[in-house]
Amino acid sequence: PVPAHSGVFQEVGKAECHFMNGTEKVRFVERHFYNRVEYTRFDSDVGDFVGFTPWGQKVARYWNSQPEFLENRRAQVDTVCRHNYGIITPFSVDR
């Protein structure tokens with residue numbers, strides 16, 4: 001049995017690239033979790049961060065107020081997803 005409070009906390013960030021019709025329609029999603037609860041998310045289709053908890057709303061407001069940081073996330077569709085599509089394709093799409 002796992003103790004009710006182990007004293008271990010987990011912070012996880014995940015970045016996802018969603019491809020539809022190759023690189024014709026690409027969506028970048030960045031998700032942040034604390035102890036398995038998603039607290040904020042960036043979705044390139046939305047264009048900014050959205051908070052899902054009180055803390056996540058505060059974090060989203062802060063990140064959305066940082067123009068360079070936000071522009072970097074918006075560019076991830078091209079700089080991460082489309083850029084790496086040729087590398088990813090043999091291991092995912094072609095299987």
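The values are calculated or read from the model by the stated rules, or taken from the named source; none is laboratory data. Just so you know, these numbers come straight off a predicted model, no measurement behind them. A quick note on method: Cβ atoms are made from the backbone with ideal geometry, for glycine too, and the neighbour counts reach across all protein chains shown. Accessible surface is based on the protein model in full, side chains and every heavy atom, while ligands, DNA and RNA are left aside. Shrake-Rupley method; radii C 1.70, N 1.55, O 1.52, S 1.80 Å.
Distances between placed amide hydrogens fall under 5 Å for D48 paired with D43, all partners being 5 or more residues away or on another chain.
For W55, the accessible area of its heavy atoms, probed at 1.4 Å with every protein chain present, is near 150 square angstrom. Based on C-alpha pairs under 8 angstrom that are at least 6 apart in sequence, the chain has a relative contact order of 19 percent.
Between T79 and R27, residue separation times 0.36 nm minus the direct Cα-Cα distance comes to 17.5 nm.
With all protein chains kept in place, the per residue accessible area of the chain amounts to 71 square angstrom at a probe of 1.4 angstrom. Calculated on the alpha-carbon coordinates, the convex hull of region 11-89 measures out at 92 cubic angstrom per residue.
Considering only protein heavy atoms and a probe of 1.4 Å, how much of the accessible area of the chain is carbon and sulfur, as a whole percent? Solvent-exposed carbon and sulfur of the chain make up 55 percent of the total. Charge dipole (Cα centre; +1 on Lys/Arg Cβ, -1 on Asp/Glu Cβ; no other charges) of the chain amounts to roughly 200 debye.
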